[in-house]
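Engineer: What follows is a single structure, and I will ask about it in a moment.
The values are calculated or read from the model by the stated rules, or taken from the named source; none is laboratory data. The structure presented is a predicted model; accordingly, all values stated were derived computationally and were not measured. Positions of Cβ are generated from backbone atoms using ideal geometry, with glycine treated the same way; all protein chains shown enter the neighbour counts. The area values use the complete protein model at the heavy-atom level, side chains included, leaving out ligands, DNA and RNA. Shrake-Rupley method; radii C 1.70, N 1.55, O 1.52, S 1.80 Å.
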Amino acid sequence: MADQDDLHHSTGSGEPGDDNSASDRESSKGFSRRQFIKGTGLAVSASVFVPDGLLKAAMPEETPGVSGPGEVPVRLRINGREHQLRLEPRVTLLDALRNRLDMTGAKKVCDRATCGACTVIMDGHPVYSCTVLAIDAQGKSIETIEGLAPEGKLHPVSQAFVDNDAQQCGFCTPGFVMAVKAFLDKHPHPTYDEVRASLGGNLCRCGTYMGIRKAALEAAAKMAGKGGRL
Amino acid sequence: MAEIKWPSAANRGLIGKSISRIDGPWKSSGRAKYTYDQGPAGMLYAKLVTSPYAHAKVTAIDTSRAERLPGVRAIHIFTAVGKEVNWEGHEVVGVAADTEELAEDAARLIRVEYDPQPYLVADTDAQHAGPGRFREMSPRKTGDPEQALQQADVTSEGTYGQPVITHCCHEAHGSVAEWKGDELYVWISTQNVSGLSNEYASALNIPATNVHVDCQVMGGGFGSKFAADSWGVAAAAMARKAGRPVKLMLDREVELLSAGCRPSLHAKIRVGAKRDGTLIAWDSESWGTAGMSGGGVPQLPYIIQVPNSGHRHTSIFTNIGPARAWRAPNHPQMCFLTMAALDDLAAKLNMDSLDFFLKNVGLTGERAGVYKQQMLMAADMIGWKQKWHSRGDKTPGHIKRGLGLSFHTWAGGGHMGYCRTTIHPDGSVEVATGSQDLGTGTRTVIGIVAAETLGLPLDAVRVEIGNNKYPPDGASGGSTTVGGVSSSTRTSATTALNELFAKAAPSLGTTADKLEAVGGQIRVIGDPSKSIPWKKACAKLGTTPIVAMGQRNFSLISSGVGGVQMAEVAVDIDTGIVRMEKMVAVQDCGLIIDMKTAMSQVYGACIMGTCYALYEEKIMDQQTGTCLNPNMEFYKLSGLDDIGDITVHMMTEDSYQDRGVIGLGEPPVISPGAAISNAVANAIGVRVPELPITPDRVLAALGKGGLV
C-alpha cells in the first residue's frame, strides 16, 4: 500500500520540477478544482453544520506535492478490496467510483461539497467524495453504500429508510444512508435532537426529512438492540 | 364477473393501507440505476459550452482546438452563428470525449464570440420593463370593485410578491444515448417515458418506432422534465456521429440556469370588508415573468370568489431563464398573494385570522364545506385557539411566535394511459405500463391495485414501468398519474381476472359471474368452501397466458381536492431568522391507494413549500445579467434541522374515498408559502411582503413597523 508521500514522489511523468499540472493550467482559465477544494471548507462551515472529520478529510493539513498531469497509478481500498487504477490527479474520488469502478451509489448532485449526495465514509468519517481527490483517498479505508450489505440484503439503516419511507425520488438517499451510518457508528444512542443537529450536511429536494429522522432513530434502536431515546 | 369499480372499504386488503414502496430497497441500498448512473460500454461524456450573457448574438464559433484534442469524438452546435441566446447558461456547443475530464478540457478550448444585446433580468413591472418587454392580459372584473372598496368599512392595501425560483432536481436533466444500427436507445431522466419518441424521431429523422426510452428511476422532476430537450437530442446526435454511446447530464450550474424556472408573481392588492369581516371587494394589479415566454395567466383572488373583484395582469419578458411547469403551476403564487392580502385585512379588522377565513369560506363555492371541516381539524391539531394572539407576539424576549393559515385546491384527475395485465399459466402476474415513478410511489400504487384486484399478495405481482415498450401512459404532470395508472391497472387486471374466472368456473361447478379472487384463491361468492388456489386456476390456461388491456377509466377517478395548512413560526427579531416550528396539513385526495406514500407526498410538499417560503430565489445581477447563485451553496434548500415538526391528516371518510382516486402531488405544496408568511406577520406584527422570508427582509419589514 503506497502512502501519500510515496505517491507524490514517484509519479512525475514530466520533467523534474515540472509543475505545469493539468489543474494549474485549468486555473488560468478561471477554475481549478484543487483551488476550489481548498476554498470550499469555509463556505461549507459557514452555511451548514459539518462534522469536524469531514472538513479534515476534505482539507489535508499538508499541501500535497505535484502529481501528473497525466494519469498516475492510484490504489484505493474500497469496502475492504484493493482497486488499482490509472487516473489523472484531478479525478475526484466520486468520479473514480462512478466513472471508473461503476460504483454509482454515491451521486453527483452539487459537485461542490454542499448537498451530501456523494457521501462515503473514509477512515470512519463521512466525506463528500465530490471534494476528495482520488489520489488523496489512497491509504484510507473507504466505505461506500455498495459495501454496506451484500446484494439482496439490506443494512439496518437502509431497511429503516424503507420502513419509514425516508426516500422519494431516492437520489439523495445513498448519501443520506451513509451519513446516518457514519453518525450511528459514532453515536449509537442518539437523541432526536442529536439526529436533527447532526444530519444537516445532506440535502433532500423531495422533502423526506421527517422519515429520515425516524429512520435514524429506528436504525439506532435496531443496531443497538435497544431503544434510541426519543 | 368482477365489476370495474373500487372495492368497498370493508373489502380492501391492500388499498389504503400503509405500505412500503416496492422499489425502496433498490434505492436505499444504492443499487438503483438512474440515468446518471448508466454506463454502456464505450460511453463518451459530453459537456456544454453555454452563454455567459443574458442576451447576445453568436458571432463566431471555433471548435478547431477542441477537435484536435485526442479523445474528442463529437461536437454539436446548439446555437449556430447568427442566432441568439436569451439567458445566461443558454446552450451553444456540446462536445463528447472519452472521459469526463477530457470533455471539460475540450469545452474550455471552444471559443465562442458574442455580440451582447440589451437584456432585462430585473423582476419588475411593466413600467420599468420598457417597451416590447411586456404583454397585458385581458382584465377580469366581477361587480364593481371600486365602488365596493369605497363602501367597505375596512380596507387594506399592499404589494406582495415572490421571485423566480428553480426546480433544482437532485438528478440533473440529461440522458445517455446509444445507437444500435438505426435504433436509438436512450436512458433519460424524465416525467414522460411514453411521450418522447416523436420528439427524438423528428429531430433525428428516424421513425418513432426506432426510439427506445428507458427510465426506471429518476431523481426528481417537479414539472421540469417533460421533454427530451435540446441536450437530449444533442446526446443522441453526438452518439450517432461518434458511433459510441454518449452521456450528457447538465452540470449543476447549467441545471440551475437553464433547466427550469418557476414564474415570479407580484401584485398590488386592495381588499375591503364590512365591519363584521364579510369580504366585499378585491382589486389587484399583478405582474410576473416566465422568462422570454408570456407564461400562464394567474387568476386572482385565489379560491375565494369576492363578490366585487377586478384583476389585471401583465407578463414581463425577461432574460432570467426559461420557465417550466413547477409543481402546481401558478397556484403557490396565487395562493400566497391572496392569503397574505386577506390575512392583512383580517388584522386590520382586528379579527382572529381563522375566524375571518371561516366567516368567508362560503365564497369558495362547492368546496366550502370541505374547507370548513379541514380548517377546524387543522386548528385543533395545531392548538390554534390556545396559541392565537393578535398581530405581534408581545411576550418578552427576541424570539417571537406566530400562527398562520392557508388553503388550496387542485384538480388532479387522471391522464390517459394504458395498462396490460398478463396472467401466466404458472400463476405469475405482470402488469406493465409505460409510466414513470418520480418518487411519488407510482410503481407501488400499480402493484397494490393489481394485487388487490387479483386477490394476491403485493409481491406476487411484477410491475413493469419506465420503458416505452410497454403500453403508453401519459406524462406525470398535474397530479394526474395516480388517477391514470390506478384506473388503467384496475381495468386491465379486472378484465384479465374475468377471463381467468371463465376458465376456472367449470371446475367449481359455476359460472364466471359467481366467482371472486380473495387471499390467493378463486372462490364462489358467498360459499368460500368452494374454491381453488390461484395457481391451480392458472394452470387451466394451458400454454397461453391471459393478456388484457385496460385504459384510464373515469368511473374510478375524480378531480378537485381541498387542503388546509397551518404554520407556527419562531422569528428572531434580532437576527431576522425565521424558523418553521410546526406545520399541520389536512388534505383530501379521494380514495387513497397507499397511505404511506400519500403521507410522504404531503410531508415532502410542506418541506418543499418551506424552502420556497424561506430560502429559494434565483438571484440576478442587474449589472451583468447573470445569476449570482447557480449552485447549491447559495441557491438554498432547507436542511434536515431547518424543518420543524409536521403533522399530516388525510381525509378518509367515505364521502371522500367514494369519489375515487385523485392526484396528490401538487395540492399540498400550494399553501406553505402563504401559511408561513401569515405566521411571520402574526409573530412580528408586520408583513414581510416578499418571499422568501430571508433575514434581511424580516429586518427591513421590522424597520417599517411591527414590534421594533
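Engineer: Go through the range A:179-213 and report how many residues are more than 23 Å from A:Lys108 (Cα to Cα) and away from chain B (no Cβ under 11 Å).
Structural biologist: Matching residues across the range A:179-213 total 8.
Engineer: Cβ-Cβ distance below 8 Å, separation of 6 or more or different chains: which pairs start in the range B:683-701 with a residue that is over 22 Å from B:Ile607 (Cα atoms) and end on one that is open to solvent by 30 Å² or more (accessible area, probe 1.4 Å) and among the small types (Gly, Ala, Ser)?
Structural biologist: From the range B:683-701, the pairs are B:Ile684/B:Gly706; B:Gly685/B:Gly706; B:Val686/B:Gly706.
Engineer: Could I ask something else about it? Can B:Gly94 be described as open to solvent by less than 30 Å² (accessible area, probe 1.4 Å) and either more than 14 Å from every other protein chain (Cβ to nearest Cβ) or over 22 Å from B:Asp229 (Cβ atoms) (or both)?
Structural biologist: So B:Gly94 fits the description; yes.
Engineer: If you take the residues of the range B:437-454 that are open to solvent by less than 10 Å² (accessible area, probe 1.4 Å) and in a loop (DSSP other than H, G, I, E, B), which of them is farthest from B:Val602 (Cα to Cα)?
Structural biologist: Top of the filtered list is B:Asp437.
Engineer: For the subset of the range A:167-216 comprising residues that are of a type in the set (S, T, N, Q) and open to solvent by 20 Å² or more (accessible area, probe 1.4 Å), which member is farthest from B:Asp642 (Cα to Cα)?
Structural biologist: So the residue we want is A:Thr191.
Engineer: Return the total of residues in the range B:215-259 being under 18 Å from the mean Cα position of the chain (by Cα) and on the phi > 0 side of the Ramachandran plot.
Structural biologist: Here the count works out to 3.
Engineer: Sticking with this one: Return yes when B:Thr647 is in contact with a strand residue (DSSP E or B) (Cβ under 8 Å, 6 or more places away or on another chain), open to solvent by 20 Å² or more (accessible area, probe 1.4 Å), outside any loop (DSSP other than H, G, I, E, B) and among the polar types (S, T, N, Q) and no when it is not.
Structural biologist: yes
Engineer: Just to check your reading of the model, which residue among B:Ile693, B:Ile676 is in a helix (DSSP H, G or I) and in the same structural domain as B:Leu591 (by TED's automatic domain parsing)?
Structural biologist: Testing whether each residue is in a helix (DSSP H, G or I) and in the same structural domain as B:Leu591 (by TED's automatic domain parsing) leaves just B:Ile676.
Engineer: Next question. If a residue must be within 14 Å of B:Thr209 (Cα to Cα), out of contact with any strand residue (DSSP E or B) (no Cβ under 9 Å at 6 or more places or on another chain) and in contact (Cβ under 8 Å) with a residue 24 or more places away in the chain, how many such residues does the range B:166-196 contain?
Structural biologist: Residues in the range B:166-196 being within 14 Å of B:Thr209 (Cα to Cα), out of contact with any strand residue (DSSP E or B) (no Cβ under 9 Å at 6 or more places or on another chain) and in contact (Cβ under 8 Å) with a residue 24 or more places away in the chain: 1 in total.
Engineer: Now for a separate question. What number of residues in the range B:455-466 are crowded, with 21+ Cβ neighbours inside 10 Å and away from chain A (no Cβ under 14 Å)?
Structural biologist: Here the count works out to 4.
Engineer: Right, next: Quick one: which strands (runs of 3 or more DSSP E) sit completely within the range B:190-273 and have at least 2 residues that are closer than 30 Å to B:Phe336 by Cβ and open to solvent by less than 10 Å² (accessible area, probe 1.4 Å)?
Structural biologist: Fully inside the range B:190-273 and qualifying: B:265-273.
Engineer: Next question. Would you check which residues across the range B:50-63 are open to solvent by less than 20 Å² (accessible area, probe 1.4 Å) and aliphatic (A, V, I, L, M) and list them?
Structural biologist: Scanning the range B:50-63 gives B:Ala54, B:Ala56, B:Val58.
Engineer: Residues of the range A:118-165 being of a type in the set (Val, Ile, Thr) and either more than 12 Å from every other protein chain (Cβ to nearest Cβ) or farther than 24 Å from B:Arg21 by Cβ (or both), which ones?
Structural biologist: Matches in the range A:118-165: A:Val120, A:Ile121, A:Val127, A:Thr131, A:Val132, A:Ile135, A:Ile142.
Engineer: Another question about this same structure. Taking only the range B:403-436 into account, find how many residues are hydrophobic (A, V, I, L, M, F, W, C) and surrounded by fewer than 21 Cβ atoms within 10 Å (Cβ to Cβ).
Structural biologist: 2
Engineer: Also, I was wondering about something else. When only residues in the range B:579-597 that are open to solvent by 10 Å² or more (accessible area, probe 1.4 Å) and touching a strand residue (DSSP E or B) at 6+ places or on another chain (Cβ under 9 Å) count, which is nearest to the other protein chains (Cβ to nearest Cβ)?
Structural biologist: My answer is B:Met595.
Engineer: Look through B:Ser51, B:Ser20, B:Ser64 and report the one residue that is within 30 Å of A:Val180 (Cβ to Cβ) and small (Gly, Ala, Ser).
Structural biologist: Going through B:Ser51, B:Ser20, B:Ser64 in turn, just one is within 30 Å of A:Val180 (Cβ to Cβ) and small (Gly, Ala, Ser): B:Ser20.
Engineer: Now, a different point. Please go through the range B:637-665 and give me each residue that is more than 10 Å from chain A (Cβ to nearest Cβ), touching a residue at least 24 places away in the same chain (Cβ under 8 Å) and among the polar types (S, T, N, Q), ordered by number.
Structural biologist: B:Thr652, B:Gln657, listed by residue number.
Engineer: Spot the failing condition for A:Ala224; the list is (1) farther than 21 Å from B:Asp642 by Cα; (2) in contact (Cβ under 8 Å) with a residue 60 or more places away in the chain; (3) more than 10 Å from chain B (Cβ to nearest Cβ), and only one is missed.
Structural biologist: Here A:Ala224 meets the rest and fails (2).
Engineer: Hey, another quick one. So B:Ala41 passes all but one of these: (1) in contact with a His (Cβ under 6 Å, 6 or more places away or on another chain); (2) under 22 Å from A:Arg100 (Cα atoms). Which condition number does it fail?
Structural biologist: Among (1) in contact with a His (Cβ under 6 Å, 6 or more places away or on another chain); (2) under 22 Å from A:Arg100 (Cα atoms), the lone unmet condition for B:Ala41 is (1).
Engineer: I would also like to ask the following. Among the candidates B:Arg420, B:Arg443, single out the residue that is more than 19 Å from the chain's Cα centre (by Cα), of a type in the set (Lys, Arg) and assigned by TED's automatic domain parsing to the domain that holds B:Asp473.
Structural biologist: Of B:Arg420, B:Arg443, the one residue that is more than 19 Å from the chain's Cα centre (by Cα), of a type in the set (Lys, Arg) and assigned by TED's automatic domain parsing to the domain that holds B:Asp473 is B:Arg420.
Engineer: Could you please let me know if B:Thr575 is closer than 30 Å to B:Ile15 by Cα and assigned by TED's automatic domain parsing to the domain that holds B:Leu691?
Structural biologist: No, not satisfied.
Engineer: So which helices (runs of 4 or more DSSP H) are wholly in the range B:343-408 and hold at least 3 residues that are under 22 Å from B:Val561 (Cα atoms)?
Structural biologist: Output list reads B:353-359, B:368-382.
Engineer: Going by the conditions given, is A:Ala160 touching a Ser or Thr at 6+ places or on another chain (Cβ under 9 Å), in contact (Cβ under 8 Å) with a residue 60 or more places away in the chain and under 25 Å from B:Asp437 (Cα atoms)?
Structural biologist: yes
Engineer: Looking at the range B:651-670, which of its residues are in contact with a helix residue (DSSP H, G or I) (Cβ under 6 Å, 6 or more places away or on another chain) and open to solvent by less than 10 Å² (accessible area, probe 1.4 Å)?
Structural biologist: Residues satisfying the conditions are B:Gly660, B:Val661, B:Gly663, B:Pro668, B:Val669, B:Ile670.
Engineer: Here is a follow-up. Given the residues B:Ala517, B:Ala570, which is the only one that is open to solvent by less than 60 Å² (accessible area, probe 1.4 Å), in contact with a helix residue (DSSP H, G or I) (Cβ under 6 Å, 6 or more places away or on another chain) and in a strand (DSSP E or B)?
Structural biologist: The unique qualifying residue is B:Ala517.
Engineer: May I pose another question? Can you spot a residue in the range B:97-115 that is away from chain A (no Cβ under 14 Å), within 29 Å of the chain's Cα centre (by Cα), surrounded by 15 or more Cβ atoms within 10 Å (Cβ to Cβ) and in contact (Cβ under 8 Å) with a residue 60 or more places away in the chain?
Structural biologist: No, because not a single residue in the range B:97-115 is away from chain A (no Cβ under 14 Å), within 29 Å of the chain's Cα centre (by Cα), surrounded by 15 or more Cβ atoms within 10 Å (Cβ to Cβ) and in contact (Cβ under 8 Å) with a residue 60 or more places away in the chain.
Engineer: Which is at pLDDT 95 or above and either of a type outside the set (D, E, K, R) or open to solvent by 50 Å² or more (accessible area, probe 1.4 Å) (or both), of B:Pro131, B:Pro139?
Structural biologist: Just a single option satisfies the conditions, and that option is B:Pro139.
Engineer: Return the residue satisfying two criteria in turn: it lies in the range B:304-342 and is charged (D, E, K, R) and in contact with a strand residue (DSSP E or B) (Cβ under 8 Å, 6 or more places away or on another chain), and of such residues it is surrounded by the fewest Cβ atoms within 10 Å (Cβ to Cβ).
Structural biologist: Among residues in the range B:304-342 that are charged (D, E, K, R) and in contact with a strand residue (DSSP E or B) (Cβ under 8 Å, 6 or more places away or on another chain), the one surrounded by the fewest Cβ atoms within 10 Å (Cβ to Cβ) is B:Arg312.
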